[in-house]
Amino acid sequence: MAVREIVLIGDPILRQKAHPVERFDPELRTLVRDMIETMRQAQGVGLAAPQVGVRKRVLVFEIPVDEDDEMSSSVPPSPWIGKPFALVNPEILEASQEMEEGIEGCLSIPGYVGEVRRHVRVVVQGRNEWGKPRRIEAEGFLARVLQHEIDHLNGILYVDRLESRDKLYKLEEEEETAAPA
Ligand SMILES: [Zn+2]
């Protein structure tokens, strides 16, 4: 496993559409392991392959249990919280009409957060790193992270979705970026 370098805004790869994965091989699993390690080291909650310079439709996420406040009342609790997961070739199958604003950061845009409107609930389908189908019904923070990461695979950054420039906030140096993805 290795921590990879995170690509920053301004790099053209963040603006390109990533390619579908065709082979679920050891190289893919090494990429997933490295992405999880890189995300953890950067204290992020999600990471997309273009953010480590790889133009493939792969994302990883790991939502801490305490970030799951909005869903804590839901029964049963989401199985997608509290552990790292990979999603390969993800597609959003369904998205709620209902939207909500929330604060997002991005590991490729250090020092800033923004208030972004996202679907409250999404159903996402993809595969795991072994090629097994994976279907995630997400709401709240997890739904937000998945939408953020899938945007990365399409060359979209959260700053593109801000309703206005005053929804972007510069962090003070001592402030930690709140759960960047
Ligand atoms: Zn991001």
Would you mind listing the strands (runs of 3 or more DSSP E) fully within the stretch 97-143 where at least 3 residues are more than 23 Å from residue 56 (Cβ to Cβ) and more than 16 Å from the ligand (Cβ to nearest atom)? 99-105
Only one of (1) in a helix (DSSP H, G or I); (2) in contact with a strand residue (DSSP E or B) (Cβ under 9 Å, 6 or more places away or on another chain) is not met by residue 60, so which one is it? (1)
Yes/no for residue 92 being within 14 Å of the ligand (Cβ to nearest atom) and not hydroxyl-bearing (Ser, Thr, Tyr): no
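Yes/no matrix, rows are residues, columns are (1) modelled with pLDDT of 95 or more; (2) surrounded by 15 or more Cβ atoms within 10 Å (Cβ to Cβ); (3) of a type in the set (Val, Ile, Thr); (4) over 17 Å from the mean Cα position of the chain (by Cα):
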position	(1), (2), (3), (4)
58	yes, yes, yes, no
68	no, yes, no, no
74	no, no, no, yes
81	no, yes, yes, no
84	yes, yes, no, no
87	yes, yes, no, no
112	yes, yes, no, no
118	yes, yes, no, no
165	no, no, no, yes
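The values are calculated or read from the model by the stated rules, or taken from the named source; none is laboratory data. Since the model is a prediction, treat every value here as computed from it, not as a measurement. Because the Cβ atoms are built from the backbone with ideal geometry, glycine has one as well, and the counts that use them run over all protein chains shown.
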